[in-house]
Amino acid sequence: MSTTATNPTATNPTATNPTATTRTILRAEGFSCPSCVAKIEKQVGRVAGVDAVAVHFASGRIEIDHDPQVVGVEALVAAVAKAGYTSAPAAF
């Protein structure tokens, strides 16, 4: 199961912003039910510079599209931690 949360204030980066959006992949632990997905998406989606978040419950994979000039990987990991889960950057 996966869902996608999109920041409604985000704009198309190619249309108005010369800075490219980066996709960061995190792996998370501690999911116990599908409601964990919404909790993480909501918390990470609140971070300035985050355009979209997709959490994949079965694999523990979190895909985050963000502006690297505004928010870094450490802040994304911290946002997941604030939601109550441990995560780390993944190679794929």
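Spin-label model, residue 70/residue 46: points 7 Å from Cα along the beta carbon direction are separated by 1.6 nm. Along its first, second and third principal axes, ordered by size, the stretch 50-92 spans 30, 19, 18 Å in Cα coordinates. Derived value for the stretch 17-76: Kirkwood hydrodynamic radius 11.8 Å. Basis is the mean of 1/r over every pair of different alpha-carbon atoms. Annotation for residue 56 and residue 25: the two label points, set 7 Å from Cα along the Cα-Cβ direction, are 0.7 nm apart. If you take all other residues with their beta carbon under 11 Å from the beta carbon of residue 85, and give Lys and Arg +1 and Asp and Glu -1, the sum is +2.
Computed from the coordinates by the stated procedures, all read-outs in this text should not be read as laboratory data. All values derive from a computational prediction rather than experimental measurement. Cβ sites come from the backbone with ideal geometry, for glycine too, and all protein chains shown count toward neighbours.
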